[in-house]
Each structure stands twice: as structure tokens, then as C-alpha cells.
Amino acid sequence: MKFLKKLFYWLLFIIALVLVISLFLPTQFQVERSAMISQPKTRVFEYIKLLKNQEIYSVWWKADPGMKKSYTGTDGQPGFISSWNSKNKDVGSGQQKIIAIQDGQRIDTELKFFEPFESTNQAFLSTAEVDQNNTRVSWGISGNMPYPTNFMSLFINMEKTLGNDLEKGLKNLKRILEK
């Protein structure tokens with residue numbers, strides 16, 4: 001009985017410690033990567049504004065080739081929704097919706113994850129003309145990690161994890177567009 005009482009107090013202490021530490025950790029994240037693509041800006045933007053093309057260059061779509069996909073609306077237009085559902089617990093289910101397009105400049109999307117956890121993040125792809133035949137593409141994701149789940153940021157480096165995935169996706173995009 002004495003052991004259970006000590007165990008209970010230790011558990012309370014650990015929970016309290018996690019809650020206190022979480023007060024001092026960030027609750028938001030923002031990750032962005034860029035790549036130079038040797039193609040005119042209009043060609044690059046016309047390709048990246050289509051969410052279905054992400055299935056070709058994004059590493060997340062390649063994580064489960066057997067996932068079920070569905071689409072609603074007109075791709076490349078605000079309101080278009082690309083949804084996925086995977087039996088792979090690392091992929092889960094969710095949807096990406098185009099929320100705004102600045103023609104030739106930027107596409108903003110909302111990412112909703114339903115499984116394995118619920119969250120809503122914002123993402124964008126933008127283009128900037130370097131010269132007539134070179135375009136800088138930037139890809140970013142931002143979101144919230146509410147208190148006290150922000151404690152996980154001690155173990156998951158969003159900058160590194162998401163950043164590596166964005167870099168791989170941009171390398172794939174570069175390879176595809178420069179063929």
C-alpha cells in the first residue's frame with residue numbers, strides 16, 4: 001500500500017512537471033523551405049496550383065500508394081478539396097482545401113488531419129521570378145500545438161521533420177519541372 005501511495009505521488013509530480021514545462025514552450029510552429037527551378041514563373045505556378053500534382057512530388061502522398069483519394073470542386077481554384085484515407089496509421093486521413101490563390105504568385109491551403117490525430121494547419125506554395133528562366137518556389141506550413149500537447153515539441157522537431165519533407169518535395173518538383 002505504501003508503494004502505491006508513493007507511485008501515485010510520483011505520477012502527480014510528473015504530470016505537474018509536464019504541465020509547468022509546457023507553459024514555457026511555443027504553441028505555434030512555422031516551417032518554410034525554398035528551391036530554385038530553372039523554368040519560367042508562369043509554367044511553375046500553373047503546375048503547383050493544381051493540388052493533384054502534389055501526388056507526384058510531395059513525399060506525403062508517396063507514403064501510402066494504396067490510400068483512397070477523392071476530390072471535390074475544380075482543381076486550381078479556391079474551394080477545391082483533395083481528401084485521403086489510409087489504413088497506414090502514419091498517414092491517416094484528412095483533406096487539403098485551396099482557400100486562396102493570387103494568380104501567378106501564391107496558393108494558400110488549409111490542411112485538416114482527422115486521423116491519427118486531429119489538427120488544422122495552413123500551407124502555401126509561392127513563386128518569385130528570379131529572371132526570365134528561373135523561379136524561386138517557397139513551400140511553407142504553419143500550425144498550432146495547443147497547451148499541454150506542445151510538450152511534445154521537446155521530442156519532435158517540427159522544423160527538422162517537416163523541413164526535410166518539404167525539401168524532398170521541392171527536389172522532386174525541381175526534377176519534374178526541369179525535365
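No value in this document is a laboratory result; all are computed from the given coordinates. Predicted model, so just to flag it, every value in this text is computed and none were measured. A quick note on method: Cβ atoms are made from the backbone with ideal geometry, for glycine too, and the neighbour counts reach across all protein chains shown.
Using only DSSP helix segments of four residues or longer, with each worth -39500 (n - 2.57), what per-residue ellipticity at 222 nm results for the chain after dividing by its residue count and rounding to 500? Display every interim value, and only then the final one.
Details: 5 runs with 58 residues, N = 179.
Helix contribution divided over all residues of the chain: -10000 deg cm²/dmol.
Report, in debye and to the nearest 20, how large the dipole of the stretch 2-177 comes out about its Cα centre when Lys and Arg carry +1 and Asp and Glu carry -1 on their Cβ. If you can, show how the numbers build up before the last one.
Details: 22 positive and 16 negative charges, 125 e Å.
The dipole magnitude comes to about 600 debye.
Which one, 151, 9, 161, is farthest towards the positive end of the dipole of the stretch 2-177 when Lys and Arg carry +1 and Asp and Glu -1 on their Cβ?
9
Among the complete DSSP H segments of the chain, which ones combine at least 18 Å of alpha-carbon extent along their axis with a mean Kyte-Doolittle hydropathy of -1.0 or more?
TM-like helix candidates: 2-23, 158-177.
Taking the Cα centre of the stretch 2-177 as the origin and placing charges on Cβ (Lys, Arg +1; Asp, Glu -1), which of 28, 114, 104 is farthest toward the positive end of the dipole?
114
For residue 6 and residue 144, FRET efficiency with R0 = 25 Å and r from the beta-carbon atoms, rounded to 0.05? Before the final figure, lay out the partial values.
Values: r = 37 Å, r/R0 = 1.47.
Calculated value: 0.10.
For the stretch 2-177, what percent of Cα pairs sit more than 21 Å apart? Write down the numbers at each step before the final one.
Details: 8584 of 15400 pairs.
In whole percent, the long-distance tail amounts to 56.
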